[in-house]
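No value in this document is a laboratory result; all are computed from the given coordinates. Everything numeric here is computed off the predicted structure, so don't read it as measured data. Here the Cβ is made from the backbone with ideal geometry for all residues, glycine too, and neighbour counts use every protein chain on show.
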Amino acid sequence: MNAAPFSSLSADHQRLQALVGAWRGEEEVAETQWADRGPASSDVLAEVQFGGLFVVQRYRQRRDGTISFGAHNVFGFDQPNSLVTMHQFDSMGFVPAAPATGAWNGSELVLVRSSPRGSARVTYTFDTDSNYRMRLEFQPIGSDIWQDMVSGVYQRVSPSSINGF
């Protein structure tokens, strides 16, 4: 099966290319039921798949020199519903019933996913081609308050500087 060239992708699929690359981040983790408060660092490696229709992102967070969290995210664009999608599989082991969905607002991508535990909202803000900010928030079932979980700033790095994926 031949992959479609990037030039034939929809503009919405092409926007996902902002995620592509090797990134290193400095994060602040909030106190939650799943983690203690404190600093973390992370490595993110994202690449296009299937001719640019999807972006596969591998994420690894370190705290105190140890891998504390990992995730494998698959971003796509649902054309019939005009939504960006993100399927996430992570080291917490929760099986997602449905992907996070959302949309671009200028240089910001906001995705929300609901589960029996509550809702998670992740915001990616692309300041330049070489850096972005990410903020992950959680809203427990029955609450209307979004709680900070993790926020970080990520810089583009050489893919060879990221080891272990």
Of all residues in the range 93-108 being free of Cβ contacts under 8 Å to residues at least 60 places away in the same chain, among the hydrophobic types (A, V, I, L, M, F, W, C) and assigned to a strand (DSSP E or B), which is nearest to Arg15 (Cα to Cα)?
Ala103
Residue, farthest from Arg62 (Cα to Cα), within the range 25-41, restricted to residues that are charged (D, E, K, R) and in a strand (DSSP E or B)
Glu28
For the range 63-86, which residues satisfy the criterion of being part of a strand (DSSP E or B), within 12 Å of Gly102 (Cα to Cα), out of contact with any Leu (no Cβ under 7 Å at 6 or more places or on another chain) and not hydroxyl-bearing (Ser, Thr, Tyr)?
Asp78, Leu83
Which condition breaks for Asn163 when tested against (1) of a type outside the set (Phe, Trp, Tyr); (2) in a strand (DSSP E or B); (3) within 26 Å of Gly38 (Cα to Cα)?
(2)
Here is a check on your reading of the model: is Gln139 in a strand (DSSP E or B), of a type in the set (S, T, N, Q) and under 18 Å from Trp23 (Cα atoms)?
no
